[in-house]
1. Pick from the range 68-93 the residues that are more than 23 Å from VAL203 (Cβ to Cβ), free of Cβ contacts under 8 Å to residues at least 12 places away in the same chain and assigned to a helix (DSSP H, G or I): which of them is most open to solvent (accessible area, probe 1.4 Å)?
2. Give me the pairs, please: first residue somewhere in the range 21-33 and surrounded by fewer than 22 Cβ atoms within 10 Å (Cβ to Cβ) and modelled with pLDDT under 95, second residue anywhere and not in a loop (DSSP other than H, G, I, E, B) and not acidic (Asp, Glu), beta-carbon distance under 8 Å, and either six or more positions apart or on two chains.
3. Anything in the range 83-103 that is in contact with a Phe, Trp or Tyr (Cβ under 9 Å, 6 or more places away or on another chain) and farther than 17 Å from ARG132 by Cα? List them, or say none.
4. Output yes when any residue across the range 106-113 is free of Cβ contacts under 8 Å to residues at least 24 places away in the same chain and of a type in the set (Lys, Arg), and no when none is.
5. Which residue pairs have Cβ atoms closer than 8 Å, lie 6 or more positions apart in sequence or on different chains, and pair a first residue in the range 186-201 that is without any contact (Cβ under 8 Å) to a residue 40 or more places away in the chain with a second residue that is polar (S, T, N, Q) and open to solvent by less than 10 Å² (accessible area, probe 1.4 Å)?
6. If you go through the range 184-207 one residue at a time, do you hit one that is aromatic (Phe, Trp, Tyr) and in contact with a His (Cβ under 6 Å, 6 or more places away or on another chain)?
Amino acid sequence: MTDAGVPPPPRRSPFRVALTIDAEFADRPTEAGTTARLLDVLAEDAIPAAVFVQGRWASGEPALARRIAEDGHLVGNHSHHHARMTMLTGPGIVRDVLEAEQAIADATGVNARPWFRCPFGAGARSPRVIRRLAEVGYRDVSWHVDSLDWAGAGARTLGGRVVRGTLAHGDGAVILVHGWPAATPEAVRASVRRLREDGATFVRLDALPELPGLRLPAGDAA
């Protein structure tokens, strides 16, 4: 019982959550050093993450890209030019993905296969795109909870959105944030602490048995 004689709300059963981050160049104004601050938050609160790295960003920010791997986060491929995969030809998809793979490996020392995330989610539901990714050893990973941090809301709004969406989904929720919006580091810190209070255990993406994204039958993916 609480001091007011009211029973506390029941604690949820333990559930798993995977935080994912798209590390890319900002496409609107932000604050310098935001991605580094986000990595600081992950380290301070022992939050594992999967980070989908844009190849050109890795080439431009090699120290930050290497830190992602050195801090123990799962490294994925987020394309090289951040183009919509649906706008590229089949050979163009392959060329872009492999160019990113090399840039990411050069910066981090890690091969990003098999983890891929389509920029803007464009192509995530396209069998043509998914087949081309499979040809070069990748599977697209989507998300269940979109923070919409790129749109410019404050940390309180973002954190609330993440908490509500994650609790609504439950076990196995995959959260999407980006590395560059200025409010994201504090939103991540606050939402992770709240979700842990509600029973969440944060795990890397590769610890979940099922991931969001289009999966083709074995014959179709060949």
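The values are calculated or read from the model by the stated rules, or taken from the named source; none is laboratory data. Since this is a predicted model, take the numbers as computed values, not measurements. Note that each Cβ is placed from the backbone with ideal geometry, even for glycine, and that neighbours are counted across all protein chains shown. We work out accessible area using only protein heavy atoms, side chains counted, and drop any ligands, DNA or RNA first. Shrake-Rupley method; radii C 1.70, N 1.55, O 1.52, S 1.80 Å.
1. Taking the candidates together, the pick is PRO91.
2. From the range 21-33, the pairs are ASP27/TRP150; ARG28/TRP150.
3. Of everything in the range 83-103, just one residue is in contact with a Phe, Trp or Tyr (Cβ under 9 Å, 6 or more places away or on another chain) and farther than 17 Å from ARG132 by Cα, namely ALA103.
4. No, the conditions are met nowhere in the range 106-113.
5. Matching pairs, first to second residue: SER191/THR166.
6. Here is the first cut: in the range 184-207, the ones aromatic (Phe, Trp, Tyr) are 202.
Now narrow it down to the ones that are in contact with a His (Cβ under 6 Å, 6 or more places away or on another chain): none.
Checked the range 184-207: no residue is aromatic (Phe, Trp, Tyr) and in contact with a His (Cβ under 6 Å, 6 or more places away or on another chain).
Yes/no matrix, rows are residues, columns are (1) farther than 17 Å from ALA112 by Cα; (2) touching a Gly at 6+ places or on another chain (Cβ under 7 Å):
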| residue | (1), (2) |
| --- | --- |
| SER13 | yes, yes |
| VAL17 | yes, no |
| LEU38 | yes, yes |
| GLN54 | no, no |
| ASN77 | no, no |
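A quick yes/no check of all residues on (1) open to solvent by less than 40 Å² (accessible area, probe 1.4 Å); (2) in contact (Cβ under 8 Å) with a residue 12 or more places away in the chain:
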site: ALA49; (1), (2): yes, yes
site: VAL53; (1), (2): yes, yes
site: ALA63; (1), (2): no, no
site: ARG66; (1), (2): no, yes
site: ARG95; (1), (2): no, no
